[in-house]
Amino acid sequence: MSDFQSIHQGRLAVHVLAEPRFQTRHVSVRLVQPLRRETVTGVAVLPYLWMEGTGRLPTADAVWRKADELYGAVLRSGIGKRGDRHVLESYVAVPDEVSLAGASGLFDEAVDLALDLVTDPAHSAQGFPGRHVAREKMLHRRRIEAVFDDKVAYAFERCVEEVCRGEAAGLPRLGYVEDLDRLDGLKLWSIHEEVLQTADVHVYVVGAVPEDRGWAEALCERVSQRWPVTAGAADLGQRRPAAVQALPERGGEVQRITDRQNVNQGKLDLGFRTGVGYDSDEYPAMLMCNGVLGGFPHSKLFVNVREKASLAYYASSRLDALTGVVVVQTGIQVDLHERAMDIIMQQVKALQDGDITDDEMELTKQSLRNQYLQLMDQPVSLAEMHFVGLLGGRVRSIPEVLAAVDAVGKADVVRAAQRLRLDTVYFLRDAAEVRASAGDAV
Amino acid sequence: MQEMRYDQLRQMVCRERLNNGLEVFLLPKPGFQQVFAAFTTRYGSIDRTFRAGPDEDFTTVPDGIAHFLEHKMFESEDGDVFATFAKQGASANAFTTFDQTTYLFSCTGEVAANTETLLDFVQTPYVTDENVEKEKGIIDQEIRMYDDNPDWRSYFGLLKALYAHHPVRIDIAGTVESIQRIDKDLLHRCYRTFYHPGNMIFVAAGGFDADQLLEVIRANQAKKSFGPAPDIERKWPDEPAGAASPRTEASLSVSQPRCLIGWKDRKAGLKGRPLMEQELLTGVILDALFGRSSPLYHALIDEGLIDQQFSWEYEVTPSYGHSLVGGNTPQPDALVERVEEELARAASNGIGEEAFERSRRKALGRFVTSLDSPSHVTRSFTSYRLKEADWLATGEVLESLTLEAANERLREHFSSSQRAVSIVWPK
């Protein structure tokens, strides 16, 4: 696999990965902003507002019709959260032109569409059109409320929210329902302009595109024409945003949070802070530690909580690369939560005490290896890994990660495990007879 | 070995039927790191009443047994199957649907060893009274997890309303009660009936050499003996043509109501190319009427009746078929009314040429881009193969569809006698 070619122009960057074996070309435009309480909701609405129309395609149905005409281009916009950063994205994928008769010029149109959405959304002197704003405020309210409906995801979000309470990284990705009333076309337009003028811009292109640097430079030139005012040499090197840092350890008591709802199954999620971020030399050991604990079906959690104790259908853990937060997720019978808690903490303790078999080390290394090698066939994941590297202050290639994981020894995993600090025990359980509200202590 | 080439798609398929009856399809993708392989039996949750070989009478087995068996197959006498795969750099999984059970792995090396592991573990059942009991707790939690899921609940609510007797109305995992009736002997009986190589197919896609991989499979199968394939006879209850009941409701801990509107197909019983034609044609119609480029979609958003989760689906197999549209809505009844209005309008005016072409082209583009994913290729190829159809002919079939046929199908499919509505209300 070749690497990304990156061309920088001030705060703009174009990253191109030429992969001739794919039949799809992907374009992703990403704008990076710090997460802030005052603007979190307005920024979160923007990518959805962009889809309501552009200068050339003034309504949402015109935008979608255009995408369908481009052989059903996959078109999407969205808001992401990486550590304490907000990431606004527009994304277009189109079939490679050689696989379809009569499809030439498809890719150029796709690039234009992705850029139009971000740099030329429909607007007037009053900012975003009132009709667009009304639609998107209504949809955004429902988007925020819908998180409640998927209980596995809801419990995870709640746990992370509590682990990160008080930090920018703890602000909700989609913002707050109560902010929506204060947003109008003009206000949103001023947030949009501020984002365009200050955000770092990363444009990713992956697929069967030419490999030469000239092609990438021409693309970068095309992108920079969309940011005529501020993309010049003036802000070159003016400020480089610091890398996203892992959440530091926090002293004090473990937070115990219980929410009660009308559910059939309880969700017991445990959040740990580790203080190990993506740029840390200990990151590969932390990857291994999470893998031995709960990343795979051979891991301690799956084997002990599910297979041996028959307590859960799912029992796993995941590591957030940028914040260094590890979350254990389980779905269990409500009245067995104490037993589940004991077994989970026994597994963490076993890791910290060095109770790790050679097999567990070997299986986890092989599984991580397989996971990373598979990314090579997934263009969007390759872009994501590169992007996380940029944000985290250390771009790691797949061979690099694999070599680092391979070098991790048992003692390194134990040291990483000893950095796991239980921060929050979150339990979503059945409704009490007396209706309780969110946030009661266990 | 038979080789089939699809030049414009840059895809080749090697096919062979082994002496024991197993059908093998290999789809090499040069340059890919990943190999995705699936070993599938034509056995799913709807196969609940059957007889095989010498049986005189039909047997009806407890609901959820195909899925239970899927869980149990990962048990082996000499240790954990997941660990064996992990050691060989692969990740393994399995799933059960209405009409198939599939065991799969995904790897980036040791393709031969992983293929042998896959074939061996599925062909060596290890079921004990003890491990059957243990599994009940796990599946119990799996069922309860789905019970809390509004998508799942609204979907099965709809199937129960559409079908009076057909077992597609029964939850794939069964119920907390039905799984208690499952035991070792019943599992063995289902295994003997449905896991003969003659009832199974093996499909793989990704970066491998087809000749070498085929040789591995041939040699592995030649070492085992299976006896003659049992003659399986499935029994389907008589199912009325129309929807069983017009409406079903449930309540759940959700923020807003969810509403699905479905139409049961009168025209079931197809397979092969005609099934594919019906499926793709119906999909193009649904996309033209309800997709994101349709006027209705944007009108419903403006009216506050839907959000971006609104979507459509069409599923057809040789024994049943249905379409559905829906999603989150604050006013289910208003949504149903608007959808009915649109269908009445479409039935009298027909779908326009432009909308038809746009949706057809979209389906074509999506098909081509999906070829980049070995997992998608393997799963789609398998499920079409079980219906005796060729997934790689999707482009060709889409090209052959006509607007005239679409409008005829539209009028035939969306009739009110075939319709049911499923609503999940916030508790």
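The values are calculated or read from the model by the stated rules, or taken from the named source; none is laboratory data. From a predicted model like this one, the values you see are computed outputs, not experimental measurements. Positions of Cβ are generated from backbone atoms using ideal geometry, with glycine treated the same way; all protein chains shown enter the neighbour counts. Only protein heavy atoms, including side chains, enter the accessible area calculation; ligands, DNA and RNA are left aside. Shrake-Rupley method; radii C 1.70, N 1.55, O 1.52, S 1.80 Å.
Considering the range A:362-379, and only residues there that are open to solvent by 20 Å² or more (accessible area, probe 1.4 Å) and over 30 Å from A:Pro95 (Cα atoms), the residue that is farthest from the other protein chains (Cβ to nearest Cβ) turns out to be A:Lys365. Restricting the range A:78-99 to residues that are open to solvent by 20 Å² or more (accessible area, probe 1.4 Å) and in contact with a helix residue (DSSP H, G or I) (Cβ under 8 Å, 6 or more places away or on another chain) leaves a set whose member that is farthest from the other protein chains (Cβ to nearest Cβ) is A:Asp84. One residue stands out in the range B:373-393 among those that are in a loop (DSSP other than H, G, I, E, B), away from chain A (no Cβ under 14 Å) and at negative phi: the one that is least open to solvent (accessible area, probe 1.4 Å), namely B:Ala389. Among the residues of the range B:103-152, what is the count of those that are closer than 21 Å to B:Gly44 by Cβ, open to solvent by less than 20 Å² (accessible area, probe 1.4 Å) and not in a helix (DSSP H, G or I)? Number of matching residues: 4.
Yes/no matrix, rows are residues, columns are (1) at pLDDT below 95; (2) surrounded by fewer than 18 Cβ atoms within 10 Å (Cβ to Cβ); (3) under 20 Å from B:Arg379 (Cα atoms):
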{"residue": "B:Val35", "(1), (2), (3)": "no, no, yes"}
{"residue": "B:Ala38", "(1), (2), (3)": "no, no, yes"}
{"residue": "B:Ser45", "(1), (2), (3)": "no, no, yes"}
{"residue": "B:Asp55", "(1), (2), (3)": "yes, yes, no"}
{"residue": "B:Thr60", "(1), (2), (3)": "no, yes, no"}
{"residue": "B:Gly64", "(1), (2), (3)": "no, no, no"}
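From the list A:Val43, A:Val16, the lone residue that is part of a strand (DSSP E or B), crowded, with 22+ Cβ neighbours inside 10 Å and on the phi < 0 side of the Ramachandran plot is A:Val16. For residues that are under 15 Å from A:Leu319 (Cβ atoms) and assigned to a helix (DSSP H, G or I), tally how many sit in the range A:385-411. So the answer is 6.
Within the range B:266-314, the set of residues being more than 14 Å from chain A (Cβ to nearest Cβ), closer than 19 Å to B:Phe414 by Cβ and either open to solvent by 50 Å² or more (accessible area, probe 1.4 Å) or at pLDDT below 95 (or both) comprises B:Arg266, B:Lys267, B:Ala268, B:Leu270, B:Glu277, B:Trp312, B:Glu313.
Can you tell me which of (1) within 10 Å of another protein chain (Cβ to nearest Cβ); (2) surrounded by fewer than 23 Cβ atoms within 10 Å (Cβ to Cβ); (3) not in a strand (DSSP E or B) is the one A:Leu75 doesn't meet? Condition not satisfied by A:Leu75: (3).
Please specify each residue of the range A:321-354 satisfying the condition of being within 14 Å of chain B (Cβ to nearest Cβ) and open to solvent by less than 50 Å² (accessible area, probe 1.4 Å). It would help to see each step written out before you state the result.
Here is the first cut: in the range A:321-354, the ones within 14 Å of chain B (Cβ to nearest Cβ) are A:329-337, A:339-340, A:343.
Matches in the range A:321-354: A:Gln329, A:Thr330, A:Gly331, A:Ile332, A:Val334, A:His337, A:Ala340, A:Ile343.
Within the range B:228-265, being within 18 Å of B:Gly326 (Cα to Cα) and either within 14 Å of another protein chain (Cβ to nearest Cβ) or of a type in the set (A, V, I, L, M) (or both) holds for B:Ala243, B:Ala250, B:Ser251, B:Leu252, B:Val254, B:Ser255, B:Gln256, B:Pro257, B:Arg258, B:Cys259, B:Leu260, B:Ile261.
Would you say B:Val254 is outside any strand (DSSP E or B) and over 26 Å from the mean Cα position of the chain (by Cα)? It is true that B:Val254 is outside any strand (DSSP E or B) and over 26 Å from the mean Cα position of the chain (by Cα). Provide a single number: the residues in the range A:51-72 that are assigned to a helix (DSSP H, G or I), more than 7 Å from every other protein chain (Cβ to nearest Cβ), surrounded by fewer than 23 Cβ atoms within 10 Å (Cβ to Cβ) and touching a helix residue (DSSP H, G or I) at 6+ places or on another chain (Cβ under 9 Å). Qualifying residue count for the region: 1.
Among residues of the range B:74-90 that are under 16 Å from B:Phe39 (Cβ atoms), none has a Cβ under 7 angstrom from a residue that is at pLDDT below 90 and of a type outside the set (S, T, N, Q) at a sequence gap of 6+ or on a separate chain.
Given the condition acidic (Asp, Glu) and either open to solvent by less than 40 Å² (accessible area, probe 1.4 Å) or outside any helix (DSSP H, G or I) (or both), answer yes or no: does some residue in the range A:121-139 qualify? The answer is yes; a qualifying residue exists. Scanning the range B:281-317 for residues that are part of a helix (DSSP H, G or I) and either in contact with a strand residue (DSSP E or B) (Cβ under 9 Å, 6 or more places away or on another chain) or of a type in the set (D, E, K, R) (or both) returns B:Thr282, B:Gly283, B:Ile285, B:Leu286, B:Asp287, B:Leu289, B:Phe290, B:Asp302.
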